[in-house]
Amino acid sequence: MILPIITYPNKQLKVRSTQVTSFDQLLHRFLDDMYETMMSSNGIGLAAIQVANPIRVLILCIPDGEGNQTLENRLEVINPSISNPSGNTLYQEGCLSVPGFYEDIERYEALTLHYQNRHGEHCTLEADELLAIAIQHEMDHLEGKLFIEKLTYNRRKKFEKEYKKVLKEKK
Ligand code: QAP
Ligand code: CO
């Protein structure tokens, strides 16, 4: 089932998400719905809060070298935390909740991700490149933060101006 995606400036996006404690069929169905929703909107990452569910869940599907989003790269991340962040990198980010706007954002270049999978099993992953960037972007959603909050004053003003146009065109 494809779920509606909440877009800025909806205040629900500011909510801090809470830990997942049951790894049951309800969660599995929700993860499947998130995946269908992300793929149908051409996304590479989605946090549960973006579909109005404030739980510490995010999914990712980073395209391979040929630009294909394969099932092998499908990643379901529950109750994540990060260790060993290193380096810095700039990437032009976007967000399904801020459609039509892209801007360079600074992130760690590499990190270790600790998380639980859909069965509640504890997992660890070494991430770099786009995967590391996407993890940081999606984990910000769990804290109620959007990438546009990392913009400088002037770039934020540029965003507000451009986004007004996006909203007008959608009406
Ligand atoms: C987060 O973002 C991300 O504006 C995932 O019109 C972004 O999937 C992780 C999208 C950059 C790493 C680097 C955005 C689709 C998708 C739009 C997305 C749009 C259509 C964004
Ligand atoms: Co986002």
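Every number here is computed from the coordinates shown, using simple stated rules; none is lab data. In this text, all values refer to a predicted model and were calculated from it rather than measured experimentally. Glycine gets a Cβ as well: all are built from the backbone with ideal geometry, and neighbour counts include every protein chain shown.
Name, by its number, the condition in (1) surrounded by 14 or more Cβ atoms within 10 Å (Cβ to Cβ); (2) within 16 Å of ligand 2 (Cβ to nearest atom); (3) acidic (D, E) that does not hold for E109.
(2)
Of Y102, Y91, which residue is under 23 Å from I6 (Cα atoms) and within 10 Å of ligand 1 (Cβ to nearest atom)?
The match here is Y102.
What are the pairs with Cβ atoms under 7 angstrom where one residue, in the stretch 82-103, is loosely packed, with under 11 Cβ neighbours inside 10 Å and the other, located anywhere, is of a type in the set (S, T, N, Q)? Sequence gap at least six, or different chains.
Between residues of the stretch 82-103 that are loosely packed, with under 11 Cβ neighbours inside 10 Å and residues that are of a type in the set (S, T, N, Q), the close pairs are S83/T112; N84/T112.
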